[in-house]
Each structure stands twice: as structure tokens, then as C-alpha cells.
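Here the structure comes first, spelled out in C-alpha cells, and everything after it is commentary.
The values are calculated or read from the model by the stated rules, or taken from the named source; none is laboratory data. Just so you know, these numbers come straight off a predicted model, no measurement behind them. Quick reminder, even Gly has a Cβ in these numbers, built from the backbone with ideal geometry, and neighbours come from all protein chains shown.
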Amino acid sequence: MKAISTIAEGSPSEIAQRIQENVGAVLRGKPEVIQLAVTALLAKGHLLVEDVPGVGKTSLARALAISVGVDFRRIQFTSDLMPADVTGGSIYDARSGEFEFRPGPIFTDVLLADEINRTTPKTQSALLEAMEERQVSIEGVTHSIGEPFFVIATQNPEDFHGTYPLPESQLDRFLLCVEIGYPSAEVERELIRSRRGSDPLGDLGEVVSKAELLKAQEAVDTIRIDELLVDYVHEIVLATRSSELLSLGASIRGALGLERAARARALVQGRDHVLPDDIKELAVPVLSHRVRLANRVNSTDQRPDAARIMRDLLQDVVVPI
């Protein structure tokens, strides 16, 4: 991750830097992952974190929520979770003789959908409308969700016992998909030496107010992107649709997401304009979970192969000078 220098205190880029540094106190040795998470947050997108248990997926989500000082709720997804457990529902009030809507945990600022692929597709679908339109429709009545609204979902690899693959419609609503991975040997040794039962999240505090977060999100709209770079985004998306190695290319939502994520990354790095590198660095985490491999005959996790194909496709798309 490139260091942010000569940025004004209180500016949107400085706000992003504060969040990154604070989360970095918990998720040690993973600055690239943290930058991607903050990029998704500022772009008003949602983040999917896929990895094996115990590498810090939940800690990343909790550290982000604590850092920005907003309402935070966590749903532990299990096989018996029902849609109403996510969205809420109408409860009969005997005193008034009427049904009263009781909002579920989805009505929050930051929602941690923990182990999202351990619940059924029916319950997973309870998130779709909220993630796309910031609202929930129940029994013909639409209930709005305020800003900010950020879903950070964790999932185990698909070949783990008791998991359900996320449908394409669900995957397409996540702006970015990242893996944390194991820390370096040096960082892991230091964690073993220093942790000793203490929870680093217990010492973590708010470093950005809700108003500052909203200010930084709005500032993403002011980041300039040259028309040649817009064409570059489009060419990358078209390459996924024409590749013989893919049976499903990136969606229009994916194209829009890549353009917005590039502007958010520029802001995070302290710039007022997008560079080709912003798009190149984000193409894999923004698009690889949205494509489907051709000739895939089983449900084994395709993400590593999809990421490899995306990297190869990027080599064939001309980068604007």
C-alpha cells in the first residue's frame, strides 16, 4: 500500500488514512487488505471476505465498525436462520389490535454477515434488496435503511463442510471480494508472543465520526476519471464476456463498480484523479467473483482460477497512456 503524504488534516483522504491505521492495529501485516476494505466502504459498496477460519475475517469487520463510530450489528448465519431473522417482521400487538413492524438487525450502519454461506439461499436472498436499494420490503410495505449502509460478509471456502454456494445475484452485489491469508512468519510469531489472551479490539476506539465518513463517501463523486480510463474499464469488462474460458462475464453492475472503486482508491491514496493502476489493481477483486468458469462440472470453489484468468485477461487489454 502506498503511503499517503502531504494531505490536509480533516480531508477525505486523511479520514481514510485514520481508518486504515486504526484497523491496522488489529489486522497486523495486511495493509493491502485493509486498503481494499476501506475502498469498499468509501465507495458505498459491500465487501465479501473469503478465507479459512481463524485468519481475522471477523476482526476486520469489527475493527472497521469500531473505527468509524457507527451502529454495528452482527448476524451469525446458520443453517436454521430464517429471512425474518435478518429483516424483521410484523408482530401482533394485543393492546392495540394491530400488527407492528419490528426491524431486524439489517437496519444498521455496518452489518457483519458472519459465515454467510452457512445459511440457505432463501435466507441469503433476504439481503439482496437491502444491499442494492437500501430498503427492505415486507408484506407490501417498504422500509428505508439509512446511510451509511455497509455489509461486510465473511464466508468459508465452498469445499468446507456445511456451506452453500452464494448465487450469482448475491455475489454480484458485493463490490469487492478479498482473501486475508495467513500473516507472515514474523508477524505471526509476534502475535503469539504478545497476545496472551488479550483482545486488541478491546483497546480500539473510534477515530472517525459518522459525519466524517459520510463526507468521505460523498467526496468519491468528485474524483476525476479521464474518458480514456472509462473506456479502459469497459474494455476489461468486455474481455470477460468474450473469453472462451468464461461462461459468464462481468455484469453492468460490475462495470459500474469497477469505475467507482477506482475513484475511491484514488481518494484513499490522496489523489483527486484516477490512474490506470487504480483500475488494474482493482479489476481482480471487483470482477473475479462475478464471473463463471466455462466447463466447470462441479461446485468446487472457482475463485482462484477466476482470479488467474482475470489477471491473464488484463495482460491483453491495452492500458491507456
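Before moving on, here are some points about what is shown:
- Residues located in segment 34-81, provided they are among the polar types (S, T, N, Q) and within 27 Å of PRO103 (Cα to Cα): THR58, SER59, SER67, GLN76, THR78, SER79
- Residues within segment 36-70 that are under 23 Å from GLN217 (Cβ atoms) and β-branched (Val, Ile, Thr), tallied: 6
- Just so you know, in segment 24-44 the residues that are part of a loop (DSSP other than H, G, I, E, B) and modelled with pLDDT under 95 include one that is nearest to GLU281 (Cα to Cα), and it is LYS30.
- Scan segment 184-199 for residues that are assigned to a loop (DSSP other than H, G, I, E, B) and modelled with pLDDT of 80 or more and the total you get is 1.
- Residue in segment 169-184 that is of a type in the set (Asp, Glu) and closer than 17 Å to LYS57 by Cα present: yes
- Flag for GLY89 being closer than 30 Å to LYS215 by Cβ, small (Gly, Ala, Ser) and touching a residue at least 40 places away in the same chain (Cβ under 8 Å): no
- Filtered residue count, segment 141-186, keeping only those that are surrounded by 13 or more Cβ atoms within 10 Å (Cβ to Cβ), of a type in the set (Val, Ile, Thr) and in contact (Cβ under 8 Å) with a residue 40 or more places away in the chain: 6
- None of ALA25, ALA40 is in the same structural domain as ILE192 (by TED's automatic domain parsing) and within 27 Å of LEU171 (Cα to Cα) except ALA40.
- Considering segment 79-176, the qualifying helices (runs of 4 or more DSSP H), each wholly inside and each with 1 or more residues that are among the hydroxyl-bearing types (Ser, Thr, Tyr) and over 16 Å from the mean Cα position of the chain (by Cα), run over 83-87, 121-124.
Quick grid of which residues meet (1) at negative phi; (2) among the hydrophobic types (A, V, I, L, M, F, W, C); (3) at pLDDT below 85:
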| residue | (1), (2), (3) |
| --- | --- |
| ARG62 | yes, no, no |
| ALA65 | yes, yes, no |
| THR78 | yes, no, no |
| ASP93 | yes, no, yes |
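- Taken over segment 161-193, the residue count meeting the criterion of being touching a strand residue (DSSP E or B) at 6+ places or on another chain (Cβ under 8 Å) and not aliphatic (A, V, I, L, M) is 5.
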